Amino acid sequence: MMNRNGMVTKIRTRIRTDPFKNIYDLVGRELGRGKFAVVKKCVEKTTGKEHAAKFLKKRRKGQDCRGDILNEIAVLESADMSPYVVALHEVYETTTEIILVLECFGESVPISDGGYENSAAGGEIFTQCVADNDEAFTEKDVIRLAKQILMGVACLHQNNIVHLDLKPQNILLTSAQPLGDIRIVDFGLSRRVDSVSEVREILGTPEYVAPEVLDYEPISTATDMWSIGVLTYVMLTGESPFLGEEKQETFLNISQVNVDYSQDVFHGVSDLAVDFIQSLLIKNPRKRATVDQCLTHPWLSLDLHHLSLEAPLDEQDTSQSESEPESPIPSTDLVLMPSYPTCPGQGELKSGRDTFSFTEPFPSRTEIQQELIC
Ligand code: ADP
Ligand code: MG
């Protein structure tokens, strides 16, 4: 069952109404928090297994949002075959909330007073995107993680689902050191795009939204591909490509596709990586690379053997290309790789030398127009 806006409300999961606290103990600090949800670690009393409980209020700003939550559950169900999408274990409902019991990232280690502390393991890729030096991703890391993100997104797109909120806070790592695998979380804005009527909505997070969202044009799977372009840029450079001083400037940068691909920013990063991002940050959604095209992009099979595994991007010497006789292979004469199996059985970021925050809620269409007109 799907409504006009691409929301799916028919779910398979049985919603439990017995008390959540009879089955689970909450442990440790909060794992995270978004615009509408608080996520806490919990332990299943009988098994001792750890999970993440996402608490969602059924009413937000005086409006009944139960349908949005059912949509989130339905999307999680339809992507349950992908190893790169967070697994949904159970759902509970109280008079005011719905609780999603999810696979958990970020290990808890018992602390001396008998409680639990969340260790640094796992968590958002955001942490590493903004980290300096020894904790930042290498290009080799980014290639591996980008492949996984693409495989997760391919599974969604094959099911005609668009995520619509792909950003570093919604991509989690199973472990930070050694660097584990990714899981896509937060399907709160996701929609089905196979509806007869087009999905046209203003949603997302300013820095990561595609131009068609700002122009109030139809949303499609290509909308996610734009965000993957922005995400890859941030993972490789630690900088947000469109972020301006003011929201208005950010929107203008997006609609003009004003991106800095200079060596200042892409210091020590391969040309193929830049080519990959350029195939995504294209204003016309029909001209943007699809997820399957991205999965066969030569950047993903680039042998970065010559790049030190330990050296983070910030520290790599750009002169290394002199000792490397082969310049990066031009994308035109490359053998395409076979497709990967995709469906098997709030903080601060650097902008150049400045820091900025992107905790602002997404503005309304009128606000954008006003801001763009001003
Ligand atoms: P919102 O819809 O409010 O943005 P999210 O699903 O993105 O909610 O969750 C908010 C934050 O909680 C995430 O950015 C992440 O830091 C953390 N989080 C979400 N799911 C999990 C999980 N399964 N394990 C660990 N942390 C999580
Ligand atoms: Mg989120």
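At 1.4 Å probe size, with no ligands or nucleic acids counted, give the accessible surface of Glu249 in Å², nearest ten.
We get 80 Å² for Glu249.
Please give the per residue accessible area of the range 1-61, computed with a probe of 1.4 Å over protein heavy atoms only, in Å².
Details: 4000 Å² over 61 residues.
About 66 Å² of surface per residue is accessible.
Which percent, to the nearest 5, of DSSP beta bridges fully inside the range 1-108 are antiparallel?
Roughly 95 percent of the beta bridges in the range 1-108 run antiparallel, per DSSP.
Counting only heavy atoms of the protein chains, get the accessible area per residue of the range 241-292 (1.4 Å probe) and round it to a whole Å² value.
On a per-residue basis, the range 241-292 sits at 48 Å².
Are there any trypsin sites (Lys or Arg not before Pro) in the range 30-85 that are in a DSSP loop and have at most 14 other Cβ atoms within 10 Å? List them by number.
Details: sites: Arg33, Lys35, Lys40, Lys41, Lys45, Lys49, Lys54, Lys57, Lys58, Arg59, Arg60, Lys61, Arg66; in loops: Lys35, Lys45, Lys49, Lys58, Lys61.
Qualifying residues, ordered by number: Lys35, Lys45, Lys49, Lys61.
For the range 15-103, what % of the accessible area comes from carbon and sulfur atoms, probe 1.4 Å?
Answer for the range 15-103 is 51 percent, counting heavy atoms of protein chains only.
Taking the Cα centre of the range 15-103 as origin and charging only Cβ (+1 Lys, Arg; -1 Asp, Glu), how large is the dipole, in debye to the nearest 20?
520
Just the Kirkwood number for the range 15-103, please: inverse of mean 1/r across all distinct Cα pairs, in Å, one decimal.
Roughly 13.6 Å, rounded to one decimal.
Once Rh is set to the Kirkwood radius over Cα pairs, what Stokes-Einstein translational diffusion coefficient, in µm²/s, holds for the range 193-281 at a temperature of 37 °C and a viscosity of 0.692 mPa s?
239
By how many nm would the segment from Thr127 to Gln177 grow when fully extended, if each residue of separation counts as 0.36 nm and the alpha-carbon distance is taken off?
That pair, Thr127 and Gln177, stretches by 16.7 nm at full extension.
The values are calculated or read from the model by the stated rules, or taken from the named source; none is laboratory data. The structure displayed is predicted, hence computed values, not measured ones. Note that we place each Cβ from the backbone using ideal geometry, even for glycine, and neighbour counts take in every protein chain shown. In case anyone asks, the SASA skips ligands and DNA or RNA and just uses the protein heavy atoms, side chains included. Shrake-Rupley method; radii C 1.70, N 1.55, O 1.52, S 1.80 Å.
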